[in-house]
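The values are calculated or read from the model by the stated rules, or taken from the named source; none is laboratory data. All values derive from a computational prediction rather than experimental measurement. Heads up, the Cβs are rebuilt from the backbone with ideal geometry, glycines too, and the neighbour counts pull from every protein chain shown.
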């Protein structure tokens, strides 16, 4: 049997599920033990939180920590993230995607090397360089690791430089909802308000026309706005559902300087999580630079963990 000292461990709980005929039936619950009370325990599974009354526990034990994601899982999440941040220009190089958006954000202006480019790696990288030279942009490649480790080795060999590394963080929506307020004061809209767009521009500078495509060209998306009594925008966030309907993508969570430390970021995450569940999504992802300790700490409190990392390489 488990104990409170096992909190945080990965566990399997065999749960009594009733009698069929004259035989007892059981189901297994696999995930991380997040709560252990006098009457029940709670397991964070891949499909959300499951509360199991102790009276229904037949047996339970700690199991080895979950393995890292498979190559297929990393590729699927990278493609879901690409759907959620679509540049106006995309060329295919075999299965690779060469993306351009007038320089608006690194993610929308970098090659995504997921799959087979249909060429030897040196030739594929030459094609990447030629594409970005035609676009008038610096050649960049976002390398998901460890999925595209062979691409990373070839980039380093060819003299490309690492610009930044980002964590791709994930959380079951059930867990995210349990950790956040409902954000009922936020307004949800399929379009950006002028204040939302102004806050984006204040953060990144003048926006090229391509930025509007990146921000809006997703079939299933929503913009969350929180205003004060005077109509000033206090906080904003953008949510998408991609990856075949599984993934909520969380982007651009930002609070106005005068409204910080009031929990508005958590409210924004909460309202997006509840919106996504209503649309059938089961999990959330976000991308954050690996050196942003404050953001990583906040997301960890909400239940996010690292799925994988990617490093952006640039040819100067």
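At a glance:
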item	result
Answer residue from region 93-136, given it is touching a strand residue (DSSP E or B) at 6+ places or on another chain (Cβ under 6 Å) and in a loop (DSSP other than H, G, I, E, B) and is surrounded by the fewest Cβ atoms within 10 Å (Cβ to Cβ) among those	106
Index of the failed condition, residue 174 passing every other in (1) in a helix (DSSP H, G or I); (2) over 22 Å from residue 250 (Cβ atoms); (3) under 19 Å from the mean Cα position of the chain (by Cα)	(2)
Breaking point among (1) at pLDDT 95 or above; (2) buried (at least 18 other Cβ atoms within 10 Å of the Cβ); (3) in contact with a strand residue (DSSP E or B) (Cβ under 9 Å, 6 or more places away or on another chain); (4) at negative phi, for residue 243	(4)
Enumeration of residues in region 198-222 that are more than 22 Å from the chain's Cα centre (by Cα) and within 19 Å of residue 88 (Cα to Cα)	201, 206, 207, 208, 209, 210
In region 195-235, the residues that are closer than 19 Å to residue 108 by Cβ, touching a strand residue (DSSP E or B) at 6+ places or on another chain (Cβ under 9 Å) and outside any helix (DSSP H, G or I)	218, 219, 220, 221, 223
Flag if residue 254 is over 22 Å from residue 49 (Cα atoms) and in contact with a helix residue (DSSP H, G or I) (Cβ under 7 Å, 6 or more places away or on another chain)	yes
Residue, modelled with the highest pLDDT, within region 37-52, restricted to residues that are within 13 Å of residue 303 (Cα to Cα) and assigned to a strand (DSSP E or B)	43
Verdict on residue 263 being surrounded by fewer than 22 Cβ atoms within 10 Å (Cβ to Cβ), in contact (Cβ under 8 Å) with a residue 60 or more places away in the chain, out of contact with any helix residue (DSSP H, G or I) (no Cβ under 6 Å at 6 or more places or on another chain) and more than 24 Å from residue 144 (Cα to Cα)	yes
Candidate set: region 5-20, residues that are under 18 Å from residue 305 (Cβ atoms) and assigned to a strand (DSSP E or B); chosen: the one farthest from the chain's Cα centre (by Cα)	11
Residue in region 140-147 that is within 12 Å of residue 315 (Cβ to Cβ), touching a residue at least 60 places away in the same chain (Cβ under 8 Å) and part of a strand (DSSP E or B) present	yes
Residue under evaluation residue 150, criteria (1) surrounded by 22 or more Cβ atoms within 10 Å (Cβ to Cβ); (2) under 22 Å from residue 307 (Cβ atoms); (3) not assigned by TED's automatic domain parsing to the domain that holds residue 266, criterion not met	(1)
Unmet criterion (only one of (1) at pLDDT 90 or above; (2) assigned to a strand (DSSP E or B); (3) not assigned by TED's automatic domain parsing to the domain that holds residue 138) for residue 34	(1)
Members of region 244-291 found to be outside any helix (DSSP H, G or I), within 28 Å of residue 311 (Cβ to Cβ) and more than 15 Å from the chain's Cα centre (by Cα), listed by number	254, 291
